[in-house]
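One structure is given below, encoded as structure tokens.
The values are calculated or read from the model by the stated rules, or taken from the named source; none is laboratory data. For clarity, every value in this text was computed on a predicted model and none was experimentally measured. Every residue, glycine among them, receives a Cβ derived from its backbone with ideal geometry; neighbour counts consider all protein chains shown.
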Amino acid sequence: MGDGLLVLWDIDQTLIKTTGVATEAYAEAVLETIGSPWRGDMTFNGLTERAMAARILRMHDVEPDPALLARFLTTLERSLLSRAEATKTRGRALTGAQAALEALAATPDARQSVLTGNIRTVAEMKLQAFNLHPWIDFTIGAYGDDEVERNALIPHAWRRAQATHGHTYDPPHTVILGDTIRDVEAALTHGAAIVAVASGTTPSADLRAAGAAVVLDDLADTPRVLAAIAEATALAGR
């Protein structure tokens, strides 16, 4: 794959799935922060935690000024982390996720991290819950508390990779794997490679329409995952 490769994984519905845990955590954070009973809609579709928190507060008729948003995110982080066991018992690693991570870890000059809407500590907790963390370098990831918009996250990963490992990754040697249109847009905004994975709620056709030339149904076929990454990086380098 040449000249080093930075692989940035989305987490939810790409590597893992959980059921209901985030809704419970958000409801608890809403009640504790603004004293309101829950009446939100937990449709993330690639939103960062900062963007989702602002949306949820507005759903409860509260404008998220910076101080309130910061307080809400702190409460939400604590609430999510307190549900580590629930995350494990009510979730699962998706088929092929561990095998794909292991295979990429054995690929010379490839380094893996995450580009996720999750707050960093929550990202770590989720992958630890399903033993997917050993292959991820969390120090160079990009997280949902870095920016509001997902398509602004990649530069954080590049900056951290350079600061931590002294390696500058150019866009064609950076690949995002994710299940939403926002993952596709995040890659295309910066000229990075994208492998879209239709393991979430977004159909393959919609991912292609958003600009993903390489789309997988899932991660079940490890050689196909590796081939898809090679294909996507070749296309990005044209």
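What number of residues within the range 41-55 satisfy the criterion of being within 13 Å of residue 27 (Cα to Cα) and outside any helix (DSSP H, G or I)? Qualifying residue count, the range 41-55: 2. Cβ contacts < 8 Å: first residue farther than 14 Å from residue 130 by Cα, restricted to the range 94-119; second residue basic (Lys, Arg) and modelled with pLDDT of 95 or more, any location; separation 6+ or different chain. Result? Sorted first by the residue in the range 94-119, then by its partner, the pairs are 115/150; 117/150; 118/126.
Within the range 116-129, the set of residues being touching a Phe, Trp or Tyr at 6+ places or on another chain (Cβ under 7 Å) and closer than 9 Å to residue 11 by Cβ comprises 116, 117, 118, 123.
Name the residue, out of 131, 151, that is free of Cβ contacts under 8 Å to residues at least 60 places away in the same chain and either at positive phi or in the same structural domain as residue 81 (by TED's automatic domain parsing) (or both). Walk me through how you get there before you give the answer.
On the way: 151 fails: either at positive phi or in the same structural domain as residue 81 (by TED's automatic domain parsing) (or both).
Within the list 131, 151, the selection yields 131.
Among the residues of the range 213-229, write down those that are surrounded by fewer than 18 Cβ atoms within 10 Å (Cβ to Cβ) and of a type in the set (Gly, Ala, Ser). If the condition is that a residue be surrounded by fewer than 18 Cβ atoms within 10 Å (Cβ to Cβ) and of a type in the set (Gly, Ala, Ser), then 213, 220, 227 are the ones that fit. If you check 58, 71 for being part of a helix (DSSP H, G or I), over 18 Å from residue 119 (Cβ atoms) and either within 24 Å of the chain's Cα centre (by Cα) or acidic (Asp, Glu) (or both), only one passes: 58. Against the numbered list (1) closer than 30 Å to residue 135 by Cα; (2) of a type outside the set (S, T, N, Q); (3) assigned to a loop (DSSP other than H, G, I, E, B), residue 22 comes up short only at (3). Within the range 8-55, if we keep just the residues that are under 18 Å from the mean Cα position of the chain (by Cα) and among the basic types (Lys, Arg), the residue that is surrounded by the most Cβ atoms within 10 Å (Cβ to Cβ) turns out to be 50. Screening 230, 220 for residues that are closer than 24 Å to residue 106 by Cβ, of a type in the set (A, V, I, L, M, F, W, C), part of a loop (DSSP other than H, G, I, E, B) and out of contact with any helix residue (DSSP H, G or I) (no Cβ under 6 Å at 6 or more places or on another chain) leaves exactly one candidate, 220.
Within the range 193-212, the set of residues being surrounded by fewer than 16 Cβ atoms within 10 Å (Cβ to Cβ) and either part of a loop (DSSP other than H, G, I, E, B) or in contact with a strand residue (DSSP E or B) (Cβ under 6 Å, 6 or more places away or on another chain) (or both) comprises 201, 203, 204, 208, 211.
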